[in-house]
Each structure stands twice: as structure tokens, then as C-alpha cells.
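A quick write-up on the structure given underneath.
The values are calculated or read from the model by the stated rules, or taken from the named source; none is laboratory data. Quantities reported herein were computed from a predicted structural model and do not represent experimental measurements. Methodologically, a virtual Cβ is constructed for each residue, glycine included, from the backbone with ideal geometry; neighbour enumeration extends over all protein chains shown.
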Amino acid sequence: MTPVAPRLAKVVEPLIGDLPVRLRAWDGSEAGPVDAPVVVIASPDALRRLLWHPGELGAAQAYVGGEADLPGDLDVTLSTLLAAGRDAGRPSPAACARALRRLAGIARELHLLRLPPSAPVTQARVRGRLHSKARDRDSIHHHYDLSTEFYSRILDPSMAYSCGYYVEPDDTLEQAQHAKLSLVCTKLGLGPGSTLLDVGCGWGSLAIHAARHFGARVVGLTIAAEQQRFVQDRVRAERLEELVEVRLCDYRDAVGTYDAVASIEMGEHVGERNYPAYAGVLARSVRPGGRVLVQQMSRRGRHPGGGPFIESFIAPDMHMRPIGETVALLEEAGLEVRDVHALREHYVRTVAGWLERFEENVEAIAELVGPEMVRVWRLYLVGGAAAFREGRMGVDQILAVRPGDAHGLSWRRDR
């Protein structure tokens with residue numbers, strides 16, 4: 001039988017040019033530069049996945065399921081493949097169709113033309129109308145209810161699952177998250193007795209920080225039951241019951257008016273059509289003259305959900321857009337945007353900190369969630385860091401005020 005790897009190389013090369021990696025197939029055959037990063041096609045099922053789901057989704061399914069592997073430095077291998085794709089440009093539909101026919105021909109000779117393998121168990125399965133309350137709960141459950149212990153092995157002790165703020169070059173992840181939380185509270189003008197609504201409060205990092213360090217009274221909203229229980233336990237342990245309340249509540253059901261409103265990396269999950277309603281909730285929940293801070297990821301071009309892997313394995317139904325469009329939506333909701341603070345480079349370091357903790361705790365994490373989820377998260381963290389490093393994604397803090405009264409913002413902005 002003709003060796004598999006050289007034949008697969010001939011399928012790929014018309015799309016991306018000379019093979020940028022060393023391709024090793026399950027029959028032992030190899031193709032491509034000998035000193036390049038290695039891509040292993042360990043099982044014929046990887047081809048079947050690519051036939052049924054050409055491109056990123058099929059490749060991700062094969063990697064997650066162990067049918068393909070990237071055994072060297074994952075960041076280097078992914079960066080090499082992405083660079084080759086960028087240099088080659090987006091292939092034409094005709095070129096993609098020819099490649100798929102060639103792949104099908106190889107599969108036919110190998111007797112692989114049959115039903116696709118089952119989706120990996122870690123792939124999201126959400127049903128119902130897009131961004132209905134029930135479907136949003138299922139999407140959040142898929143990502144956030146793995147277990148609190150799982151996330152505690154990756155995040156810093158504050159359990160902040162969002163971009164940190166690196167004030168000094170040698171700051172630790174914990175220092176960067178503390179600085180980020182203080183920066184948010186300072187921008188919002190919080191002080192003793194201030195009231196804050198934290199929309200999408202996660203594991204309570206901002207709510208507890210605002211209460212403990214700024215004396216604010218905080219209501220946090222989450223639709224993840226495990227997060228609510230965790231925050232309630234933290235609040236009791238720190239004796240902050242009089243200052244912090246966490247509600248199991250969809251943002252659309254928020255009630256009350258507050259001195260300030262924050263929403264940290266939650267707006268990506270509300271969906272394109274629902275964003276005006278989300279922005280409206282932020283605007284109506286703050287008093288006239290009060291401040292709103294939104295920290296949110298941005299993205300340009302195709303795949304506003306982050307791409308087939310992210311949308312299928314990490315955050316179903318997520319939607320990102322260029323920062324200018326988000327600013328416009330907040331203004332249309334009646335808010336006056338006062339400042340946009342770009343933090344893209346800070347996310348590269350934040351994810352590096354998470355990845356370091358992930359690898360330090362990988363054996364314990366595997367016992368908690370299994371080897372397949374380990375591969376999902378390694379790909380997620382490494383790919384996410386690359387997306388921010390290369391400018392394919394950004395993250396910003398947007399500070400706004402509700403017109404109608406004095407906002408109290410300083411005339412001076414030092415940084």
C-alpha cells in the first residue's frame with residue numbers, strides 16, 4: 001500500500017504551500033521537513049473526522065479524541081500552522097473542494113468511507129432557541145460547572161477568570177488580578193457605602209474585592225448554581241454577609257438601581273441580537289451620574305464566536321465584535337462612554353499564568369476531568385494566548401456613565 005503521509009501532504013500543500021510541519025501517519029510513513037514541528041495522524045479516524053468536518057472542527061475533534069497529536073511544543077506547532085495559513089491566504093472554494101475530493105479518494109482506498117466517529121464527549125451539546133434563558137444556562141453549565149476544584153487548579157486564589165493587569169514586568173498572576181480588581185473599583189469610584197451590581201460575577205473575585213478593600217455593598221448575578229454556592233461560602237468565610245449578596249439570576253431579570261455597575265467578560269456570552277438588551281440592563285441599573293465598567297473581548301473578521309473549536313468545546317453561542325461596535329451599542333443604550341483601556345498584551349501574560357498552573361497541576365486535573373478534557377484545555381489555553389499575542393483578539397475596559405447627574409470623574413487621566 002502507498003505510504004499515507006506523502007499522500008496526505010499532497011492533499012494539503014495546494015492549500016498552504018510547502019508542508020510547514022513533519023507529518024507522521026499511523027502506518028509509520030512521514031512527509032515534510034525533518035526539522036519541523038511534528039503532527040501525528042495516529043488513527044484513520046482522524047481522516048474520517050476531516051471528511052465529515054473539514055478544517056478546524058475536524059482537526060480539533062481528532063486532537064481532543066487522541067486520533068491526532070502535536071507531541072512537541074504545542075504553541076510552536078500551532079503558530080507554525082497558523083503562519084503557513086496566513087502566508088498562503090484563504091483558499092478558494094474550488095481549491096477546498098479539490099482537496100476534499102482527494103482526501104475522499106484516499107479514504108475510499110483505505111475503506112474509511114462510513115459514518116463519522118461519535119463527537120468527543122467533551123464537545124458541547126446545547127439545544128433550544130439561540131440565547132433563550134434555558135439555552136444560555138446550558139451553555140454556561142458546559143463551561144463553568146466542570147467543578148470549582150478544577151478551576152482552582154488553574155486560576156489564582158481570587159478565582160478571577162478574566163484578564164489581569166500587569167503593573168510591573170515581574171508581577172505574578174495573583175498580583176495582576178489584584179491590580180485589575182482594584183483598577184475596576186477605582187474606575188467605578190467605589191467607596192464605603194457605595195452600591196455595586198456585578199453582572200456575571202463568576203466566583204466572586206470582584207464582589208469580594210470591592211467589599212473587602214473598598215467597603216462597597218455588592219449584589220452579584222450568576223446563572224451557574226455551583227458558582228453561586230461557592231461565592232456564598234466565600235462570603236461567609238470572610239464574614240462579608242452584610243456587604244455581599246449573590247443571586248442566581250439571569251441578567252435580563254436584574255432589578256434595582258446602583259451607584260455603579262460592572263460586567264467583566266460576560267458580554268461576549270449574551271449574543272449578537274441580545275447585546276442591545278444587555279447594554280440596556282447595564283444602563284437602567286445604574287443611577288444618573290453613576291458609572292458602568294465593561295471588560296470585554298473583541299474580535300474582527302470571520303468567526304465572531306472564536307472559531308469552530310471554541311464554539312464547539314469551550315463557549316457555545318459566544319459572540320465578539322470589534323471594539324468600536326461595542327462602544328456604539330453602549331452609547332445607543334443611553335450611556336456616555338468616557339474611556340477605553342486596551343489590555344490585549346496583559347491577556348497574553350494572564351493566559352501564560354493560567355497555563356503554567358495548569359501544567360503544574362495536570363495530573364490532578366486529569367483525575368478530576370479525564371484526559372480528553374485535559375487536551376481540550378491545553379489547546380484552549382495555548383490557542384487563546386496565541387490569538388491575543390497575534391492581535392486576532394483583544395480585550396478592553398470600557399468606562400461609561402449614565403447622563404443625568406454629575407459623574408465625578410477627574411479631569412486628569414495620568415495613564
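Considering (1) in a helix (DSSP H, G or I); (2) of a type in the set (S, T, N, Q); (3) surrounded by fewer than 20 Cβ atoms within 10 Å (Cβ to Cβ), the lone condition that Gln61 does not fulfil carries the number (3). Annotation note: of Val327, Val337, Val351, the sole residue that is under 14 Å from Ser162 (Cα atoms), among the aliphatic types (A, V, I, L, M) and surrounded by 15 or more Cβ atoms within 10 Å (Cβ to Cβ) is Val351. Of all positions in the stretch 164-187, none carries a residue that is within 25 Å of the chain's Cα centre (by Cα), modelled with pLDDT under 95, of a type in the set (Val, Ile, Thr) and outside any helix (DSSP H, G or I). Confirm whether Gly220 is farther than 19 Å from Ser285 by Cβ and among the small types (Gly, Ala, Ser). When the stated conditions are applied, Gly220 does not pass them. Pairs meeting the criteria (first residue in the stretch 55-83 and outside the structural domain of Leu8 (by TED's automatic domain parsing), second residue buried (at least 21 other Cβ atoms within 10 Å of the Cβ) and assigned to a helix (DSSP H, G or I), beta carbons under 7 Å, at least 6 apart or on different chains) are lacking. Filtered by the rule that a residue be crowded, with 20+ Cβ neighbours inside 10 Å and either in contact with a Gly (Cβ under 7 Å, 6 or more places away or on another chain) or on the phi > 0 side of the Ramachandran plot (or both), the stretch 376-415 gives Val401, Arg402. Against the numbered list (1) more than 24 Å from the chain's Cα centre (by Cα); (2) within 24 Å of Val374 (Cβ to Cβ), Ala95 comes up short only at (2). Exactly one residue out of Ala387, Ala333 is touching a helix residue (DSSP H, G or I) at 6+ places or on another chain (Cβ under 6 Å) and assigned by TED's automatic domain parsing to the domain that holds Val261: that is Ala333. Check whether at least one residue in the stretch 269-284 is buried (at least 16 other Cβ atoms within 10 Å of the Cβ), over 29 Å from Ala216 (Cα atoms) and of a type in the set (Phe, Trp, Tyr), and report yes or no. No, that holds for no residue. Within the stretch 308-356, the set of residues being within 19 Å of Met393 (Cα to Cα) and assigned to a loop (DSSP other than H, G, I, E, B) comprises Ala315, Pro316, Asp317, Met318, His319, Met320, Arg321, Pro322, Leu343.
In summary, Ser312 fulfils each of the numbered conditions (1) surrounded by 21 or more Cβ atoms within 10 Å (Cβ to Cβ); (2) among the small types (Gly, Ala, Ser); (3) closer than 27 Å to Val184 by Cα with the single exception of condition (3).
Among the residues that make up the stretch 24-47, is at least one of them surrounded by 21 or more Cβ atoms within 10 Å (Cβ to Cβ), in a helix (DSSP H, G or I) and either in contact with a helix residue (DSSP H, G or I) (Cβ under 8 Å, 6 or more places away or on another chain) or modelled with pLDDT of 95 or more (or both)? Yes, there is a match, as at least one residue in the stretch 24-47 is surrounded by 21 or more Cβ atoms within 10 Å (Cβ to Cβ), in a helix (DSSP H, G or I) and either in contact with a helix residue (DSSP H, G or I) (Cβ under 8 Å, 6 or more places away or on another chain) or modelled with pLDDT of 95 or more (or both). Every test in (1) modelled with pLDDT of 95 or more; (2) within 26 Å of Ala119 (Cα to Cα) is passed by Trp52 save one, and that test is (1).
The condition of being assigned to a loop (DSSP other than H, G, I, E, B), within 29 Å of Pro322 (Cα to Cα) and of a type in the set (Gly, Ala, Ser) holds for only one of Gly202, Gly256, that being Gly202. Scanning the stretch 64-84 for residues that are assigned to a loop (DSSP other than H, G, I, E, B) and either of a type in the set (D, E, K, R) or surrounded by fewer than 17 Cβ atoms within 10 Å (Cβ to Cβ) (or both) turns up Gly66, Glu67, Pro71, Gly72, Asp73.
Can you confirm whether Leu100 is outside any loop (DSSP other than H, G, I, E, B), over 30 Å from Arg389 (Cβ atoms) and touching a residue at least 60 places away in the same chain (Cβ under 8 Å)? Talk me through it step by step, then tell me what you get.
Details: outside any loop (DSSP other than H, G, I, E, B): yes; over 30 Å from Arg389 (Cβ atoms): yes; touching a residue at least 60 places away in the same chain (Cβ under 8 Å): no.
Against the criterion (outside any loop (DSSP other than H, G, I, E, B), over 30 Å from Arg389 (Cβ atoms) and touching a residue at least 60 places away in the same chain (Cβ under 8 Å)), Leu100 does not qualify.
Summed over the stretch 217-232, the residues that are surrounded by 20 or more Cβ atoms within 10 Å (Cβ to Cβ) and either outside the structural domain of Asp250 (by TED's automatic domain parsing) or in a helix (DSSP H, G or I) (or both) give a count of 4. Assessment of the stretch 291-305 against the conditions (among the aliphatic types (A, V, I, L, M), within 19 Å of Ser162 (Cα to Cα) and not in a strand (DSSP E or B)) yields no matching residue.
Taken over the stretch 98-118, the criterion of being exposed (fewer than 15 other Cβ atoms within 10 Å of the Cβ) and either within 29 Å of the chain's Cα centre (by Cα) or among the hydroxyl-bearing types (Ser, Thr, Tyr) (or both) is satisfied by Pro116, Ser118.
Taking each residue of the stretch 231-259 that is more than 17 Å from Val292 (Cβ to Cβ) and modelled with pLDDT under 95 and looking for partners that are part of a loop (DSSP other than H, G, I, E, B) and of a type in the set (Lys, Arg) with beta-carbon atoms closer than 8 Å, six or more apart or interchain, yields nothing. Being aliphatic (A, V, I, L, M), more than 21 Å from the chain's Cα centre (by Cα) and either more than 26 Å from Ala279 (Cα to Cα) or modelled with pLDDT under 95 (or both) is a condition met by at least one residue of the stretch 393-409. Quick check on the stretch 27-34. Is at least one of its residues in the same structural domain as Glu67 (by TED's automatic domain parsing) and closer than 16 Å to Tyr63 by Cα? For the stretch 27-34, residues in the same structural domain as Glu67 (by TED's automatic domain parsing) and closer than 16 Å to Tyr63 by Cα: absent.
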